[in-house]
Amino acid sequence: MSFQQRFKELITKKDLNEQELQTALTLLLKEGIDASVLLYFAVDQDCLPAVKFLMENGADPSAIVHDDKNAVSLAIDQDKWEIVEFFLSKDFNRTLIFAGIDYLSPLMIDYLESKYVKIPHELKSAEDLDWINQIN
């Protein structure tokens with residue numbers, strides 16, 4: 001069984017408490033699985049407790065992992081609001097925050113700009129800007 005399958009099985013267990021999750025993640029890290037890769041999969045599975053633990057244990061949210069994306073850009077791309085909020089509260093290399101993203105929802109644009117994150121012009125469309133201007 002691949003570590004991705006083991007990880008997905010692990011974090012989808014409803015009866016798993018936070019200590020058990022941390023123990024299992026520690027074992028995966030001891031096996032040599034990169035913390036940033038695990039972080040990417042934690043974001044994909046929308047598992048904030050795993051995201052927090054992995055960040056505390058050296059995971060780099062700006063590391064490119066899959067399809068030219070990193071954990072931050074994946075969270076933004078998939079509108080995982082709680083995880084995006086957590087990432088923005090942390091200090092990390094923000095130069096790759098939009099890696100691999102082709103499109104942002106108008107709500108995500110508005111949210112990120114409210115957090116003083118500059119959105120690249122190519123990720124905004126005229127329709128998005130019109131919509132945002134109407135709600136402001």
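The values are calculated or read from the model by the stated rules, or taken from the named source; none is laboratory data. Because the structure is predicted, anything quoted here is derived from the model rather than measured. No Cβ is skipped: glycine too gets one built from the backbone with ideal geometry, and neighbour counts run over all protein chains shown.
Just one of the listed residues (Leu39, Leu29, Leu96) is within 30 Å of Lys118 (Cβ to Cβ) and either assigned by TED's automatic domain parsing to the domain that holds Lys118 or modelled with pLDDT of 90 or more (or both), namely Leu39. Residues considered: Ala75, Ala42, Ala59. Of these, the only one that is under 13 Å from the mean Cα position of the chain (by Cα) and part of a loop (DSSP other than H, G, I, E, B) is Ala59.
Residues in segment 16-32 that are part of a helix (DSSP H, G or I) and either of a type outside the set (D, E, K, R) or on the phi > 0 side of the Ramachandran plot (or both): Gln19, Leu21, Gln22, Thr23, Ala24, Leu25, Thr26, Leu27, Leu28, Leu29. Here is the figure for segment 45-56: residues that are touching a residue at least 24 places away in the same chain (Cβ under 8 Å), not basic (Lys, Arg) and not in a loop (DSSP other than H, G, I, E, B) total 7. When you check Ala50 against the structure, is it within 18 Å of Asn93 (Cα to Cα), under 13 Å from the mean Cα position of the chain (by Cα) and at pLDDT below 95, yes or no? It is false that Ala50 is within 18 Å of Asn93 (Cα to Cα), under 13 Å from the mean Cα position of the chain (by Cα) and at pLDDT below 95. Note on segment 86-124: residues that are over 20 Å from Asp46 (Cα atoms), among the charged types (D, E, K, R) and outside any helix (DSSP H, G or I) total 5. Residues in segment 107-116 that are under 14 Å from Asp77 (Cβ atoms) and of a type outside the set (Phe, Trp, Tyr): Leu107, Met108, Ile109, Leu112.
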